[in-house]
Every structure is written in structure tokens, then in C-alpha cells.
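I have placed the structure first, in the form of C-alpha cells, so that the comments after it can refer back to it.
Bear in mind these aren't lab numbers, they're just calculated from the coordinates by the rules spelled out. A quick note: this is a predicted structure, and the numbers were derived from the prediction, not measured. A quick note on method: Cβ atoms are made from the backbone with ideal geometry, for glycine too, and the neighbour counts reach across all protein chains shown.
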Amino acid sequence: MITFENVTKVYKGEATALRGVSATIEKGEFVFLVGPSGSGKSTMLRLINREETASGGRLFVAGKDVAGLTKGRVPYLRRNIGCIFQDYKLLANKTVYENVAFALEVIGRPRSVVKSQVPAILELVGLDDKMNNLPHELSGGEQQRVSIARAFVNRPLILLADEPTGNLDPATSVGIMRLLDRINRTGTTVVMATHDRSIVDTMQRRVVELDQGHVVRDQVRGVYQ
Amino acid sequence: MNLDYIIRETIINLRRNVTLTLAAIVTVAVSLSLFGSTLLIRQAVNNVTARWQDGIEVIVFLQRDATDEQRDALQKKFDENPHIRDARYVDEAESREEALRLFARNEAMKKKVEESPDLVPPSYRLVPTEKDEDLIKSLTNEFSGEPGVRSVKNQLDTVQIVRGVTDFAQLAGLGIAIGLLGAALMLILNTIRMAMYARRREIEVMKLVGATNWFIRVPFMLEGIVQGLIGSAIAVGAVWSLDWAMAKAAQNPNYRMLLEDLVASPQDRLLTTAVVIVLGIVIGAAGSTWGLSRFLKV
């Protein structure tokens, strides 16, 4: 599903973020990216999503050479990729329902699809009773659930999560991880960058550890260490 | 593409920043009104001068005591000159009649003409073979010194003065209009930038979930185009009012002599309207495209 071949990323005028990273992530896998801040975890996610392009090496996502995509094709790549973030990135002036519906509307899905899909996905994340609330009326965990609903409503092949539990307490984090696990079981590939030791240790999934832009460990059923 | 999404977003954008939107619309309206009016007047003036130029003739005024021999000599010269198509003699009586007709509404002038016959001497009206400025000038010079000739006149100078004045006015009008159009462009650019800034989080999410750049752009471009279009609609109203006023003034018997031809034809009006509307759309589209270019790098 995702293949890094000796990928290097140098930010303009700044330090090198990735130095010759190679890794293959199969369809349906659940992968943790761990490592200290600045080790290149977020850069890997941003390359998959093509928010950034690699400086060297090759990267394939869903069978396509990402660097070879024209600007016009990038949105269609992104329709296969859901994204969640530490800060949720919800729209403050839209209700829970509207936030999720927005993701479908702006890729041109017909209204009938929006009307059937949005309540279904909100039920899946357990927020069907808060559809008409605004984000600020929800707890952090609930807001993250909304953002997961938004990322998953289009049934993407890949879900990228950049420290999704970074702002949440441990109990709430467990709930979020259960939800991501459930999404993973539907066949969605999940790649999650995290600093959360206890989550990595209890989930026992593949762990890719980065340090200063190198992969220093790639372990099936690994721990945070 | 989802039509009601686009319409909804465009209206939201337009309403978000009412004062700036109004400023942009007013500037477009003022600049295009000026531009359209200048265009319309230019066409009207062209109509007038074309007609005047068509009628340019060389008038050879004779001295009142010119002898028959002198007249015959002149007549012969006119007939022999290859550049003169026609020479017509207008005697004193006909001259007076013409002057009285010309000043039909001006009692003081009429009285003057009747009192002093010197004002309306007999003359020859020469129609040159070509409407060539140099030819007209040389004919004027050629007959100035002939015996029995009081003076030779042509209307070239009048036409040129009118042309010069209107050319200058048009140039000034166009200059101001272009300056204002530039200001309108900047204002639209700014409203789009502000609208995009206000919505940067939405745009970020749109990009994230895979909205195409065109999908993101269209409501903002429409916002600019609507501003340009409303502005140009107001301008079209102003230009039509001017057209109507000119037509009305031309029909007023007091100015009829002067303004009879100072009317734009229906084609002129249509052309001006089209130019104004197209310019409004172009300004709106250009302003918003320019405003968008900075934000929408993927």
C-alpha cells in the first residue's frame, strides 16, 4: 500500500528530515511511527499525503509514484487518505454534522450520499446524539472522534494519524485507539505517529522507530522501548 | 460540481465583508461609468466631425465692389483648376437668406445681418475633388490674393480645434478611468484575499480531504466576478442615462444646430454596453485570480 524506497527529505535551508528511509507498509497493516521530536515521523506522513515531496528516492502510495503525480491529480490521491491530527482541525463555526458533511460536499458527493453516510459514521464513532453541537461544546475526546469521522466518512484506503492522542488523557486515549483499531479491522491501513508509550506497548503492532531521519528499528508486534 | 454549494459559498463570501465588497463595486461602477461615457462621447463626436468634414468646402468671399470682369476671371480659374469639382456662386441675396436661416432663433444676429449687408458678401463655394487637408489649404492660399477677393476661408481650423479639444478630454477621461480601474482591481484582489484569509482553515481542510483546486477557487472567483458585474451594471445604467440626455439635448431646438449629430447610434450604444460589461467581468476575474494565486499552492 505504501512503499518508501531510500527516501530523503531536505527542507529548504533547514536540517535534513529523512535520510534514506526504506519501508513497506502492506494493505490493512497498523503501523506506529515512534521516535523523538524532529526524527522525521511527521515528515513521513506529510510525504504520503503529498503535502511535501521527497528530495530523493521513490515513494509509492496505493500503487502510484507520488512524485510523478501532476498537481491536478493530488486531490484524487488525498481522497484515498484520511488524516487526523493532534489539534483535530475542526471548523469552529460548523456543527458536528456539518463538519463531517463538509468533507463529502467538497469532493462533490451528491446530497443523498451525504445524508445517508454522515449519520452512519457519527453513529460508528458514538456521536450520533451530538450531531448538532458545535465543536467547542464537546470534550477533546469527542472532538477527536468527529475528526476521525470526517477522515473516515469517505472510506479511505489509508488513515494517517499524527499524534492523535497528544492532547488527551489516558482513559480518553484508550477510547480513541479502540476506534482506530476498529477502523483498521475494516481493512483500512493505519499509520500513526505517536509519543504515547503505553498505547504502543498495549496495542502490540508493528513499530517503526526513527532517529534523526534514519529508520533504526522496524519490528512486528513491537513496543515503544 | 455541486451548484447550490457554489452559490451558497459565493453569497457567504460576499456578505462576510460588506464594506470592502461595496467599495470594490462602487469603484468598478465609477471607473466603468467614466470609461463608458468617454467611449460614447467619443463615438458621438466622431459622428459630428465626420459630418462636418464631409461638408468642408472652400469659401471665396468677394469684395462687394468686385467687377464682373474679376468674377469672370475667377470663374474661369475655378473651371480650369483640376482640383475643384464644383464652384457655385452665391449672390448677396442668397447669402443673406442663408444667414437669416442660420440665426433663425437669434434675434440680435438677425438684426445685425439685416442692418449691415457687409456681413454677408457674395461668395464662391468651392467643392474640392478630394477631402485632403493639404489640398484644401493650398486652394485657400491660391485664391487669397486674387483681385476682387476679400478673403478665403475653410472650416478646417474649426474641425481641428473641436478635434483637439475632444481628443484631450477623451485622453484625460480615459486616463482617469484606467487609474480607477486599477484601483478597482486592487480592491477586488483585497476582498478576495481577506475572504480567503477568513476561510483559511476551511481551505486547509478542503485540501486535506481532496477537494480539487478548482472547487476551492470557483466560489472566490465568482465573488470577484459578481463584484465586477454589479459594478458594470451600474455603469451601464450611467452610460445609458448619458446617452438619453445627449439624445434629448440634441432634440432641443435651441441647441439643434450644434448638437444635432452629437448622438451615438444604437450600434455605438450596444458596443459601449458590451465593452463595459466585459471589462467588469475581466476586472473581477483578474482581481480574484490574482488574489487566489498566492494562497492556493498545494
In region A:161-225, which trypsin sites (Lys or Arg not before Pro) are in a loop and have at most 15 other Cβ atoms within 10 Å, using DSSP for the loop call? A:Arg221
Partner shielding of A:97-107, as the mean number of partner chain Cβ atoms within 10 Å, equals 4
Run the simple label-point estimate for B:Gln63 and B:Ile7 please: 7 Å along Cα→C-beta, distance reported in nm. 8.5 nm
Estimated Rh, chain B: Kirkwood, alpha-carbon pairs, angstrom: 23.9 Å
For chain B, find the longest principal axis of its Cα atoms and tell me its angle to the long axis of helix B:213-251, 0 to 90°, nearest 10. 20 degrees
Give me the percent of Cα-Cα pairs in region B:56-154 that sit more than 17 Å apart, rounded to a whole number. 52 percent
Of the lysine pairs in region B:56-154, how many meet both conditions: Cα atoms under 29 Å apart, and a spacing of 8 or more in sequence or different chains? 11
Helix B:92-102 sits at what angle to the longest principal axis of chain B, using alpha carbons and giving 0 to 90 degrees rounded to 10? 20 degrees
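Given Cβ point charges of +1 (Lys, Arg) and -1 (Asp, Glu) and nothing else, what value in debye, to the nearest 20, does the dipole of chain B about its Cα centre take?
Working: 34 positive and 35 negative charges, 519 e Å.
My answer is approximately 2500 debye.
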Simple SL model, points at 7 angstrom along Cα→Cβ for B:Leu174 and B:Ala245; separation in nm is 2.2 nm
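Counting other Cβ atoms within 10 Å, keep those with at most 15, restrict to DSSP loop, and tell me which trypsin sites (Lys or Arg not before Pro) in region B:140-174 are left. Please report the intermediate quantities before stating the final value.
Numbers: sites: B:Arg150, B:Lys153, B:Arg163; in loops: none.
Here no trypsin sites (Lys or Arg not before Pro) fit, given the DSSP loop and packing criteria.
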What is the list of residues in region A:81-121 whose amide nitrogen lies under 16 Å from a point 7 angstrom out from the Cα of A:Ala62, following Cα to Cβ? A:81-84, A:103-109
By how many degrees, between 0 and 90 and to the nearest 10, does the Cα long axis of helix A:111-124 differ from the longest principal axis of chain A? 80 degrees
The protein assembly as shown: radius of gyration and largest Cα-Cα distance (Dmax), Å: 40.4, 130
Efficiency of FRET from Cβ geometry, B:Ala285 and B:Lys76, R₀ 51 Å, rounded to 0.05: 0.15
Where a Cα-Cα gap under 16 Å defines reach, which aspartates and glutamates qualify for A:Lys12, not counting those fewer than 8 residues away within the same chain? A:Glu51, A:Glu52
Once phi for every residue in region B:68-76 is put through the Karplus expression 6.51 cos²θ - 1.76 cosθ + 1.60 (θ = phi - 60°), the whole-Hz ³J(HN,Hα) values, with Gly and Pro written as x, are 4, 4, 4, 4, 4, 4, 4, 4, 5
Which of the lysines could be linked to A:Lys9 by a straight reach, that is with a Cα gap under 18 Å, when you skip same-chain ones fewer than 8 residues away? A:Lys41
Name the lysines eligible as straight-distance cross-link partners of A:Lys115: C-alpha to C-alpha under 18 Å, and not fewer than 8 places from it in the same chain. A:Lys94, A:Lys130
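Out of region A:1-83, which trypsin sites (Lys or Arg not before Pro) are coil in DSSP terms and have no more than 10 other C-beta atoms within 10 Å?
On the way: sites: A:Lys9, A:Lys12, A:Arg19, A:Lys27, A:Lys41, A:Arg46, A:Arg50, A:Arg58, A:Lys64, A:Lys71, A:Arg73, A:Arg78, A:Arg79; in loops: A:Lys12, A:Lys27, A:Arg50, A:Arg79.
Here the trypsin sites (Lys or Arg not before Pro) that fit, given the DSSP loop and packing criteria, are A:Lys12.
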